[in-house]
Structures are given as C-alpha cells and as structure tokens.
Amino acid sequence: MQKKNKLVQLMIGIIFSMLCLIIIFPFWLLLSASLSDPGVLAAKGYQIVPNPIDFSAYKYVFKNTEQIFRAYGVTIVYSVITMILNVLLMAMIAYPLTRNRLRGRNAMNFYLYFTMLFNGGLVPTYIVVAKYLHLSNTIWVYILPMLVNPWYVFMIRTFFKGVPESIIESATIDGASEYNILFGIIMPLSKPVLATVALFTFLNSWNDWNTALIYITDEKLYSLQYLLQSIMENINIIKQNKMAASMTGNQDIPTETVRMAMAVVAAGPALIVFPFFQKYFVKGLTVGAVKG
Amino acid sequence: MRAKLNVQTKKRKYKHKLTSSDIQLYSMCILPLLTVFIFKYLPMGGTLIAFKDYKFNLGILGSQWVGLSNFEYFFKSNVFVQLVRNTLFNNFLFILFGTLSSLLVAILLFEVKSRMATKIYQTILITPFFMSWVIVAYMVYAILNSNYGYLNQILSLFGIQGIDWYSKPKAWYVILTLTYVWKNVGMDSVVYYAALMGIDSSLIEASEIDGANKVKRTIHVVLPTLIPLISILTILKIGNIFRADFGLFYTVTQDGASGNLYETTNVIDTYIFRTFRETTTGNSYGLTTAVGLLQSVVGMVLVILTNWTAKKIDPDMALF
C-alpha cells in the first residue's frame, strides 16, 4: 500500500512536471527566438536553444528606447490612475449599498446590475466617447471608461457587509461622518478585497490594447500592448526606423528577432511582478457570492 | 424573526426623515453612478442608430430613421451564418475542452500531497493568465511562422515542408482551443480545486477504508461532489456563448491573417470591429450597431435563461 502510494505520487509528479513544461515552453520559445542570431535564424529558423546567443535585437531595442519607454510610461501612468480611482469610486458606491435602510438601494443595485446584462456595443460607445466627449487621443480614454465595474462593486459590497455593524454604530455615536466611517474604518478593514480589485483592474489596464486600437492614433499615447500589437501588424514601424538607421550608417536591423525582443521586454515585468500577487487573484475568483 | 422585526421598525423610523447620514451616503453615490451613466447608459441610448442611417454630421438624433433595414441587410448577407457558426462553435470547443482540462488539473492537484509542490504547480499554471493576448499572439507566431517557426522545423524532420498555418482555416479550431486552454486552465482549475478542498475528508477516509483505489474514489466520491459546480459553471458559460473574446480572435489570428482565416475565425466581435473600422461607405455605423444590439439582446436573454436554470440547481450559485 505504502509503495503503491509512492508510485502514484511519483506519477502525478511526472504529469505535473510535463504540464508545467508545456505551460512554460511558449515563454521559453519567445525568449530564445529573441536571442537567436539573425544569420542562423535566416538559415534554420528560431532555435530552441539559441547558439550562439545573440543580443543584437536587445541592443537595438534599447538603443531605440524612446518609443517603448514612452509606451511603458503611458501604460504605468494610466494603469495606476485607473486603479486608484477605481478602488475609490467602487468603495464609495459599495458602502451605501450595504446600508439596508437607505432608500433607493435596490434601484441602484439594479442600475449597476443591468450594465452587466446589456451594453450599447462598440459603435455607440465609440460615438459617445469620441464624438461627444472628445476623449480620443487623450490619456483619459484609457481611464474613464474603465471605471466602476459592477462585478467588483458587488464583490466589495459583499465584503463590506461582513464588517460588524457594532463598529459602525459606535463610530456613529462618536460623531463620525459616513465619509469618516468609510475611509477611516471600513476601507482599512477591507484591505484583502480592495487589494484583489485593485490588482484585477491594474492587470486589465496593463494588458489593455484594444482601447488604443479604437481611440488612439497619436503614437505618443500608444499603450505598451498596443505598440506591440502595431509592430506585429505592421513591421514597417521597425522598418521605418531601419531606414533611419541605415541612413546614419548603422548595420542591418534584424526585424524578426527585434519583434521577439520587444515582446520579451513588454512581457517581462508582468511575468515577474504579477505572480507575487497570485494569492489575491485567486481570492477574487473564489469569492463567488456577489448577489444582492 | 427578531432580526426581521428590527429591520422593519428601523425602516419605519427612517421612512420620512432624510438624515444627514443619508445625504452623505447619497453624495457618495453621485460620482460612481454618473460615471456608469455616461459610459454605460449613454451608449445604450446610442443603439438607436441601429434603426437609423447614421451620419456623423447629423448626430444620433438627427440621422434619418430606416426601420429594420440594417438588420435585414445583415440577415441577408452571407456573413451572418458564418459569424454565428464560428462564434458558437469556437466557444463550444472552449467550454468543452476548457472545462475538461481544468477539471482534470484540479483533480490531479487534489491528489498532490506536498503543499509546497501544489503551490509551485499552481503558480506556474496560472502565469499565462497574466499575459495579454498580444504577447500570446507573439508566442503563437513564433511557433507557427511558416519560415522560421518551431512547428514547421519539427514537421520538416518528418519530411513535411513549409505549411503556412496562417492560411489554413480548419487548423485554427485546434490552435485557438489550445491557446485558450493554455491561457486559462490554471485560473479555471482554481475554482474546482477550491471546491475539492471543501469536500468532507471523512467521506474520502471512509472510501479508503472500504478499499476503494484512487481511480474508483475519484469517480465515485470526488467527481459527484463536483457535478453541481460543473453544471452551473458550464451553464453560465453557455450564457455568454454569443460573446467572443475579441483579443483571441483578432490578435492571435493576426487579424484573421487578413482574411485567409475568416472561414473559421471571423466571429461577431471581430466582424463588428472590422466593418466599423474599414468600411467608409454605406451605413456601416448603423449596420455594426444593429449587429452589436442583436448580440447584446440575444446574450441578455441567454444569460437570464441560463442563470434561472442555475438557480434551480443551486440557489447559492446563481449570479443573481
């Protein structure tokens, strides 16, 4: 029996090792493609183990840093603003919704909930955002339409409901205003759910490429993912730089490996940072109770 | 009972009096509700242009009414059947294989005894979830690129030369499903794993005493406890079956490789985007809004229906 158990454990271990390899493999392929020697690549294709390792793609990316670093800057700025505003606004709507005696609470619940069921769709949203609000080619188009996601509002509301009412009552007796109670008591007590929501909204913003696809034509405002997408769609962006480079006497630009190096540079930080917060992402999924 | 009475008396007490705390609470709601109004409800009103011949200079209200002709045009166009088929069939594959694989991962993970190993496996499996579809598209491109790609290198060892995957529509049912599963299996298995952790351990011990082996135990004890959860999650996914993941179908296919892959990868969401972006003649705004409205309405009905079904199975699991 003991022996058999060990064998089963071993087999499961092998299965998972293989599974993990399958999951990691595409990451590895991307990395090694970016490190391939352009000459070897042209002759044999991407190498699973690049030999010789060639950093010229990275040299090129980091020599022409302006574009990618600007995209990084834009992405970080709007992601952080979106995250902060989102947590604030969603806490501000979630808290009143926990108060049973507040009239209109059910109407507000439905008002939020209905947007999960039905939406205007791409074109009407575009007309409102671009034509009436003139948000195209501004950084606000990354931020404002992303605010107040009802799903997260209900998640926060459920957590807020768990805060003992006696705490709120005693604060009220001490003369605390509702704002004091929310920002001073409820929110500090609800850090886990707020962190979860903050991370999810940050991840969404960080990976946002279709907003730029629809609303941004100004290259200076490209988000990181959209810059990457446009390079994929249109290698000419690199080629234009290539022309500029050849005019100044630089060597030929290895477009295939540069593409891959760009992807690695864009994916790297997310790959390293987000798994540290995995606990919160998992929590966000297993908090099922969002009902009102 | 007493709690209920309490609530009622409270309600009565505050019925006619707007306290300062109420005013504070309402004031908190203003900004969030306004945001939702502008970015969610105004576009809903904008769906009026599905029934109009939209002209940018005339605006939503000023454009001319055209009745249902936008819908008619869409139903009569040959793209309608293609879009519905692709959206439904691809999503069906995602639901089927996504559920099977995440279930399998969760059950296997449940058998891992070491906490450390469980954590490591989970962390690795979840990592793709954090990547944008653009990054994933690059990975797929590195594998499938006809000249340099890894897959064709391997195939050439077997004497198969230079297949251009980006012009083989049928293959994309498999490619997209694999990509979808690869990206989501870790995160999706979390829910099932959490449910397994909640199984009463005495049940499992009892089955062990009865001499059931692991396979038998999985089939007769572990799986049955998951069935309500599986059915509910599946039903809820079916509720969204008319909504396609734009990122997956647009970037990963390289915009349907400029038309070569539309046969299997053109879905409602990509069609709306392309028509909106590329067509400058005719009533493309009205047409795409009509398609979007159709998708939204059918989607809403499906979500309500499926949710109602889920509620019948387990009132706790329904979304509303």
## Note on the structure
Among B:Val181, B:Gln82, B:Val297, the residue whose Cα sits farthest towards the positive end of the charge dipole of chain B (+1 at Cβ of Lys and Arg, -1 at Cβ of Asp and Glu, taken about the Cα centre) is B:Val297
#### Entry: Net dipole in debye of the protein assembly as shown [+1 Lys, Arg Cβ; -1 Asp, Glu Cβ; about Cα centre; nearest 20]
1820 debye
#### Entry: Debye, to nearest 20: dipole size of chain A, +1 on Lys, Arg Cβ, -1 on Asp, Glu Cβ
860 debye
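Which helices, taking whole DSSP H runs in chain B, have alpha carbons extending 30 angstrom or more along the helix axis plus mean Kyte-Doolittle at least -1.0?
B:79-111, B:171-197, B:284-313
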### Query
What is the fewest-to-most order of B:Asp210, A:Asp37 by other Cβ atoms lying within 10 Å of their Cβ?
B:Asp210, A:Asp37
### Message
Can you divide the C-alpha Rg of chain A by 2.2 N^0.38 Å and report the result to two decimal places?
### Response
1.30
### Query
In percent, how large is the relative contact order of chain B, given Cα pairs closer than 8 Å and 6 or more residues apart?
25 percent
### Task
Compute the acute angle (0 to 90°) between the alpha-carbon long axis of helix A:191-206 and the principal axis of greatest extent of the alpha-carbon atoms of chain A; round to the nearest 10°.
40 degrees
### Summary
Note: B:142-152 gets an average of partner chain Cβ contacts (10 Å, Cβ to Cβ) equal to 5
### Task
Pull out the extension gain between A:Lys4 and A:Ser17, defined as 0.36 nm times the separation in residues minus the alpha carbon to alpha carbon distance; nm, one decimal.
2.7 nm
### Query
GNM, chain B, Cα, under 10 Å: largest mean-square fluctuation among B:Trp182, B:Trp65, B:Trp172?
B:Trp65
## Note on the structure
Nearest 10, in degrees from 0 to 90: the angle of helix A:255-273 to the longest Cα principal axis of chain A is 30 degrees
### Task
Springs between alpha-carbon atoms under 10 Å, Gaussian network over chain A: tell me which of A:Val123, A:Val77, A:Val141 tops the mean-square fluctuations.
A:Val123
### Message
Quick check for me: using +1 on Lys/Arg Cβ and -1 on Asp/Glu Cβ, what's the dipole size of segment B:82-313 about its Cα centre, in debye to the nearest 20?
### Response
160 debye
### Message
Report the Cα centroid-to-centroid distance between segment B:108-159 and segment A:1-30 in angstrom, as an integer.
### Response
14 Å
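Holding the Cα-Cα limit at 30 Å, pick out from A:Lys191/B:Lys119; B:Lys113/B:Lys183; B:Lys55/B:Lys170; A:Lys283/B:Lys40 the pairs that are longer than that.
Working: A:Lys191/B:Lys119 23 Å; B:Lys113/B:Lys183 25 Å; B:Lys55/B:Lys170 39 Å; A:Lys283/B:Lys40 27 Å.
Going by Cα-Cα distance, B:Lys55/B:Lys170 fall outside the 30 Å limit.
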### Query
What's the extension gain from B:Thr234 to B:Val79 if we count 0.36 nm per residue and subtract their Cα-Cα distance?
53.0 nm
### Query
Hey, got the average number of other protein chain Cβ atoms within 10 angstrom for residues in A:97-104?
5
### Span from the segment B:231-276 Cα centroid across to the segment A:80-99 one, whole angstrom
32 Å
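All of the numbers you see were taken from the coordinates with simple rules; none came from a lab. Please read these numbers as outputs of a predicted model, since none were measured by experiment. Cβ sites come from the backbone with ideal geometry, for glycine too, and all protein chains shown count toward neighbours.
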